[in-house]
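**Student:** Please find one structure pasted underneath; my questions will follow.
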Amino acid sequence: MEFWVALGIEQTKDEEAITAAYREKLQLVHPEEHPEEFMQLRAAYDEALRYARQSDEEGAPAELTP
């Protein structure tokens, strides 16, 4: 899954921007009404945060680079 597309933002290491995008999308995807969409959105959020928290020295894993 392309998690940047799911969150509707460009690739970034800005955790505040990632969280803001997640919260905005979360208003459209209620967990009880759309559980699969919610799980996909949450997975995208988790992956984006993992990317953001990665040190620059480690580099991004191949699947995370554009």
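**Student:** Taking square-rooted eigenvalues a ≥ b ≥ c of the alpha carbon gyration tensor, is the range 1-55 rounded, prolate or oblate, where a/c under 1.5 means rounded and, failing that, a/b exceeding b/c means prolate? The partial results should precede the final answer.
**Tutor:** Values: a/c = 2.26, a/b = 1.84, b/c = 1.23.
Note, shape of the range 1-55 comes out prolate.
**Student:** I want to check the label-to-label distance for Ser55 and His34. Put each point 7 Å from Cα in the C-beta direction and report it in nm to one decimal.
**Tutor:** Going from the Ser55 label point to the His34 one covers 3.9 nm.
Quick note: the coordinates plus some simple rules give every number you see, no bench work behind them. The structure displayed is predicted, hence computed values, not measured ones. For neighbour counting, all protein chains shown are included, and Cβ atoms are generated from backbone atoms with ideal geometry for every residue, glycine included.
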